[in-house]
Amino acid sequence: MIQVFTPSNYQNICNELSQKDDHLNTIIQTYGYPPIWSRPNAFESLVHIILEQQVSLASALSAINKLRDHVQQLTPARVLLLTDEEFRACYCSRQKTAYIKYLAEAILSGQINLQALQTMPDDEIRAQLTALKGIGNWTVDVYLMFVLQRADIFPVGDLAAVNALKRVKGLPAQTSREEIINFAVQWQPYRTVATMILWHYYLSAPRKS
């Protein structure tokens, strides 16, 4: 069964997690419920996630806005009409330009059907998307969480989520990837919502210098 979160069950899931985890409860009591970060299931959303790879959210937002302004409607067909120079003018690196073109071609050829992904299990979606050059597990995690609202994803490759977890739990900086994954198991089947609580903390809590 595909597990999702919705506006109607989101706060109840937060409450359930806070009853199981005192640290998550403290975050909610201090900063309130986290927002539901969501995006439509569209080509533009995946392009945005690709642009967010290994850069600041502000940089990615500038690039997606520039692309949107340039082509008016961000579709696979319109994107493939852009020259490399036009991509550069929209703050897209050569590497990410190639990734966006691969994605556009995969959608136009029918290799990827975004609407069909909505009813597929997480692992099948991951297999299809990671077969495309430039799409790795972090990109798929964000797509599953933000776009499809899948409830049980922990993005172990996301520095903000991992650093927030370390801060909240007082874990050493050298905590391994495997230890982080094992730590997140306690939040099943709602690891996505737990992650959103961690992101909320990361964005809200003042950092010690």
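The values are calculated or read from the model by the stated rules, or taken from the named source; none is laboratory data. Here the structure is a predicted model, which is why all the values come from computation and not from measurement. Heads up, the Cβs are rebuilt from the backbone with ideal geometry, glycines too, and the neighbour counts pull from every protein chain shown.
How do the pairs read when you match residues in segment 171-193 that are surrounded by 15 or more Cβ atoms within 10 Å (Cβ to Cβ) and modelled with pLDDT of 95 or more with residues anywhere that are among the basic types (Lys, Arg) and not in a helix (DSSP H, G or I), using Cβ under 7 Å and keeping only pairs 6 or more apart or on different chains?
Final answer for the pair search is Thr192/Arg150.
Within segment 42-61, does at least one residue satisfy the condition of being more than 17 Å from the chain's Cα centre (by Cα) and in contact (Cβ under 8 Å) with a residue 24 or more places away in the chain?
There is no residue in segment 42-61 that is more than 17 Å from the chain's Cα centre (by Cα) and in contact (Cβ under 8 Å) with a residue 24 or more places away in the chain.
From the list Ala98, Ala164, which one is of a type in the set (Gly, Ala, Ser) and in contact with a helix residue (DSSP H, G or I) (Cβ under 6 Å, 6 or more places away or on another chain)?
Ala164
For Gln73, which of the numbered conditions (1) at pLDDT below 95; (2) outside the structural domain of Ile125 (by TED's automatic domain parsing) fails to hold?
(2)
What about Ile13, is it farther than 15 Å from Arg191 by Cα, touching a helix residue (DSSP H, G or I) at 6+ places or on another chain (Cβ under 6 Å) and not basic (Lys, Arg)?
no
Which one of Ile2, Ile13 is β-branched (Val, Ile, Thr), at pLDDT 95 or above and either part of a helix (DSSP H, G or I) or within 21 Å of Asp152 (Cα to Cα) (or both)?
Answer to the selection: Ile13.
Taking the stated definitions as given, is Pro40 of a type outside the set (S, T, N, Q), more than 21 Å from Gly136 (Cα to Cα) and not in a helix (DSSP H, G or I)?
Judged against the criteria, Pro40 is not a match.
Inside segment 5-45, can you point out the residues that are of a type in the set (Val, Ile, Thr) and surrounded by 13 or more Cβ atoms within 10 Å (Cβ to Cβ)?
Correct list: Ile13, Thr26, Ile27, Ile28, Ile36.
I'd like to verify a number: residues in segment 64-82 that are surrounded by 13 or more Cβ atoms within 10 Å (Cβ to Cβ) and part of a helix (DSSP H, G or I), how many?
10
Please return the ranges of helices (runs of 4 or more DSSP H) entirely within segment 121-187 where 3 or more residues are of a type outside the set (Gly, Ala, Ser) and under 20 Å from Ile36 (Cβ atoms).
Because the criterion is at least 3 residues that are of a type outside the set (Gly, Ala, Ser) and under 20 Å from Ile36 (Cβ atoms), the helices (runs of 4 or more DSSP H) in segment 121-187 that meet it are 137-142.
Mind telling me which of the residues Leu165, Leu129 ends up being at pLDDT 95 or above and either assigned by TED's automatic domain parsing to the domain that holds Ile49 or surrounded by fewer than 20 Cβ atoms within 10 Å (Cβ to Cβ) (or both)?
Checking each option against the conditions leaves just Leu129.
Taking into account only those residues within segment 83-120 that are in contact with a Lys or Arg (Cβ under 9 Å, 6 or more places away or on another chain) and part of a loop (DSSP other than H, G, I, E, B), which is surrounded by the fewest Cβ atoms within 10 Å (Cβ to Cβ)?
Tyr91
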